[in-house]
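Structure first, commentary second.
The values are calculated or read from the model by the stated rules, or taken from the named source; none is laboratory data. Just so we're clear, the structure is a prediction, and the values are computed from it rather than from any experiment. Counting neighbours? That spans all protein chains shown, and the Cβs are built from the backbone with ideal geometry, glycine included. When the accessible area is computed, the model is the full protein with side chains, heavy atoms only, and any ligands, DNA or RNA have been set aside. Shrake-Rupley method; radii C 1.70, N 1.55, O 1.52, S 1.80 Å.
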Amino acid sequence: MASVDFAHVSKRFGEDVVAVDDFTLTVRDGEFLILVGPSGCGKTTLLRMVAGLEEVSEGEIHIGDTRVNDLPPTDRDIAMVFQNYALYPHMTVYDNLVFPLRQKRMHKDDARARVREVARLLGIDELLGRKPRALSGGQRQRVAIGRALVREPQVFLMDEPLSNLDAKLRVQMRAELISLHKRLGITTIYVTHDQTEAMTLGDRVVVLRSGVVQQTDVPERLYRHPANMFVGGFIGSPAMNFLEGRIEQDGLALGEARVELPESVRRRLARRAGDVVVGVRPEDFVLSANGAAIQAAVEITEALGPETLAHLRAQGLRIAHLGERAGKSEDEQSSELSDTVVVRFDSNTAIRTGEQIRLMVNGERVQLFDPASGDSLLAR
């Protein structure tokens, strides 16, 4: 096993396209690191540079103590699991697994023992005589992981390995990957666009946007303390609600409602007044019987078993959209705005379509952002 060090790594395609911009990070020995972000954010390009499938335009990548910029993929002691499994269709499962060991000229008996050990570990020992076309999606993915495991690499690279599986199987495979990593402790860099995978699998998560790191942190801090509106909106499902608010002497104003902020937050905002963007997670609203609450009409409800999502049209509130002020005219901004928020209730709360309700916001959980830059005002 080994650490992976990125030092000011950039990747350019031609003169105009910057896929990765000045990426610096150390993936610790034995860590499970997630690269997450929307399509085109640079996460797969980063993975391919570690693998040696893309050249580094600027900066350096080290695996352990070895600078690998100029090493061919076969000399980097890494193993990669692809989105499409990349199994040889004409070979049996056994032959797919043993193939990288034959390339390394491992003794036949040692290779056979290694394949059977990995097959037992992944629960595919009864499939060794089959060909990939006779396997389910989950079984193929296990074989793809097994083919990487038999090499005993220093670093595992995984490029959206679960994206072709159905929802139930993805949940099962996530649990199996977590268990596998705990047993083996192989340094792993895992690419996904699925923020649920990112939050459940990663020791740390790197959120990328347009090739630039937005935040690197443990999943809980990403969720509760996003560095900016992009991270707050990308991490979490349903997404964080962004509301236009105002810091006043007596606290935080949200339309006609007032939000009581913790003393620690009030001290940090002591010298600031005026407009802010207020980030509220769907679960951080509470029903209110009285007081200066947010009045809202229930437009849509989604019953999801243990919880209900309610889409509300709130009176006196404006939704603040990410990038709303980034070079757009007032007419363009106005056309994008609505007064709909999403609120999460437990299934025991009776919420009906068409009902009028009153809400308060949990001031202990709100996030505040600069309306011009989108950066958090509370980031530590």
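Check PHE99, PHE23 and return the single one that is surrounded by 19 or more Cβ atoms within 10 Å (Cβ to Cβ) and not polar (S, T, N, Q). Step through it out loud before you land on a result.
Numbers: PHE99 fails: surrounded by 19 or more Cβ atoms within 10 Å (Cβ to Cβ).
Result of the check over PHE99, PHE23: PHE23.
Against the definition (open to solvent by less than 80 Å² (accessible area, probe 1.4 Å), over 30 Å from LEU128 (Cβ atoms) and aliphatic (A, V, I, L, M)), how does VAL93 come out, yes or no?
Judged against the criteria, VAL93 is not a match.
Residue by residue through the stretch 219-240, note down the ones that are over 9 Å from the mean Cα position of the chain (by Cα), of a type in the set (A, V, I, L, M) and not in a helix (DSSP H, G or I).
Residues satisfying the conditions are ALA227, ALA239, MET240.
Can you work out which of the residues in the stretch 333-356 that are modelled with pLDDT of 90 or more and under 25 Å from ILE247 (Cα atoms) is most open to solvent (accessible area, probe 1.4 Å)?
For the stretch 333-356, the residue satisfying everything is VAL342.
Of all residues in the stretch 53-70 being among the charged types (D, E, K, R), in contact with a strand residue (DSSP E or B) (Cβ under 9 Å, 6 or more places away or on another chain) and assigned to a loop (DSSP other than H, G, I, E, B), which is nearest to VAL81 (Cα to Cα)?
Checked the stretch 53-70; the qualifying residue nearest to VAL81 (Cα to Cα) is GLU54.
Which ones in the stretch 34-47 are buried (at least 21 other Cβ atoms within 10 Å of the Cβ) and outside any helix (DSSP H, G or I)?
ILE34, LEU35, VAL36, GLY37, CYS41, GLY42
Given the conditions (1) surrounded by fewer than 17 Cβ atoms within 10 Å (Cβ to Cβ); (2) touching a residue at least 12 places away in the same chain (Cβ under 8 Å), report the number of the one that ASP16 does not fulfil.
(2)
Which condition number does ARG174 fail, the rest of (1) within 13 Å of the chain's Cα centre (by Cα); (2) among the charged types (D, E, K, R); (3) more than 17 Å from VAL50 (Cβ to Cβ) being met?
If we test ARG174 against (1) within 13 Å of the chain's Cα centre (by Cα); (2) among the charged types (D, E, K, R); (3) more than 17 Å from VAL50 (Cβ to Cβ), just (1) comes out false.
Go through (1) β-branched (Val, Ile, Thr); (2) assigned to a helix (DSSP H, G or I); (3) in contact (Cβ under 8 Å) with a residue 40 or more places away in the chain for THR216 and report which single condition fails.
(2)
What's the number of the only condition in (1) small (Gly, Ala, Ser); (2) open to solvent by 20 Å² or more (accessible area, probe 1.4 Å); (3) in contact with an Asp or Glu (Cβ under 6 Å, 6 or more places away or on another chain) that ALA227 fails to meet?
(3)
Return the only residue of LEU243, LEU261 being open to solvent by less than 20 Å² (accessible area, probe 1.4 Å), out of contact with any Asp or Glu (no Cβ under 8 Å at 6 or more places or on another chain) and assigned to a strand (DSSP E or B).
Exactly one of LEU243, LEU261 is open to solvent by less than 20 Å² (accessible area, probe 1.4 Å), out of contact with any Asp or Glu (no Cβ under 8 Å at 6 or more places or on another chain) and assigned to a strand (DSSP E or B), namely LEU243.
Can you tell which of ILE34, ILE63 is among the aliphatic types (A, V, I, L, M) and out of contact with any helix residue (DSSP H, G or I) (no Cβ under 7 Å at 6 or more places or on another chain)?
It is ILE63.
Considering only the stretch 48-66, state which residues are of a type in the set (Val, Ile, Thr) and either within 15 Å of VAL18 (Cβ to Cβ) or open to solvent by less than 10 Å² (accessible area, probe 1.4 Å) (or both).
The answer is VAL50, VAL56, ILE61, ILE63.
Of everything in the stretch 111-151, what is in contact with a Lys or Arg (Cβ under 8 Å, 6 or more places away or on another chain), open to solvent by 40 Å² or more (accessible area, probe 1.4 Å) and not in a helix (DSSP H, G or I)? Give them in sequence order.
Listed by number, the residues that qualify are GLY123, ARG151.
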